[in-house]
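Below is one structure, written out as structure tokens, with a few remarks after it.
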Amino acid sequence: MSLAANALDDPTVQAVLAREHQRAEDDDAQLAAVRPKIEAAKEAGASATEQAAHYPKTVYLAVAPDMGRFLYLTARTTAAQRIVEFGTSFGISTIYFAAAAKEIGGQVIGSELEPSKAARARANLEDAGLAAPVEIRVGDAMETLADVQAPIDLLFLDGWKDLYLPVLQMLEPKLAPGALVLADNIHTFPVELAPYVAFVSRTDGPYRSVVLPFESGLAYSFYEGA
Ligand SMILES: C[S@@+](CC[C@H](N)C(=O)[O-])C[C@H]1O[C@@H](n2cnc3c(N)ncnc32)[C@H](O)[C@@H]1O
């Protein structure tokens, strides 16, 4: 039996990832500049989406390399045919999923609110030679992902935190039995994401979950089916 070529460790893909992870490191300085505004909005009771309006359009807020590799491995080992991503930004996590999709003949549907970020994500995927299996839908994911076809094999949640639950609930009827739902930033936003974690942790619900100890915290949920 011949194995599909390892798309993630392709030198072109690794060069694009190294470049983009390096650029993402500038986030700290950019975020420090807007943190007081975000804190003030939080204290005034603003939603996570309203708080996030203060982020510059140039911040990546990307997954770290170890999580990216884990996303690739998860998609690859489960042979996820349809991967849906809430929150694409500049496409770093999307590149990891696209590498898996290329190997298994799958598809990635990304979503990004900000058109300039979506355009950069597309360019990065093209630079990596991984544009073919990816479609990026521009606009509010609650609208752009509403007509995604079933079955969804892997759902990755990484947009603004108040929408994790609404996006999951919108897409749940399309999840394949045995689908995985991965949600980043459980440790970064413990208060904002507490309702999400409670939802996927209900013992009488259709999910079985664990929060994996990546620095940002990754909720890993197995969907048993309706
Ligand atoms: C944490 S970043 C995503 C990082 C990306 N997954 C990565 O690892 O490279 C969150 C992104 O979600 C986008 N976003 C937030 N709310 C959204 C919505 N309602 N619809 C689509 N995109 C959204 C933001 O514009 C932002 O670029």
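Heavy-atom accessible surface of the chain, averaged per residue, reaches 47 Å², computed with a 1.4 Å probe. In plain terms, the chain is cut at each of the trypsin sites (Lys or Arg not before Pro) found in a DSSP loop with at most 13 other Cβ atoms within 10 Å, and the longest leftover piece is 58-201.
Computed extension gain for Ala33 through Glu126, at 0.36 nm per residue and net of the alpha carbon distance, reaches 30.3 nm. Each of Glu135, Glu85, Glu103 has its accessible area taken with a 1.4 Å probe; listed largest first, they run Glu135, Glu103, Glu85. Per atom type, the range 60-223 shows carbon and sulfur on 58% of its accessible surface, probed at 1.4 Å.
When +1 charges are put on Lys and Arg Cβ atoms and -1 charges on Asp and Glu Cβ atoms, the dipole computed for the chain relative to its Cα centre reaches about 180 debye.
Remind me, relative contact order of the chain in percent, using alpha carbon pairs under 8 angstrom and six or more residues apart?
16
Using a Gaussian network model of the chain in which every pair of alpha carbons under 10 angstrom is joined by a spring, one finds that among Pro151, Pro177, Pro56 the greatest mean-square fluctuation is at Pro56.
The values are calculated or read from the model by the stated rules, or taken from the named source; none is laboratory data. All figures in this text were calculated on a predicted structure; none of them were measured in a lab. Cβ: placed from backbone, ideal geometry, glycine included. Neighbour counts: every protein chain shown. Each accessible area value is taken on the protein alone, full model and side chains, heavy atoms only, with ligands, DNA and RNA left out. Shrake-Rupley method; radii C 1.70, N 1.55, O 1.52, S 1.80 Å.
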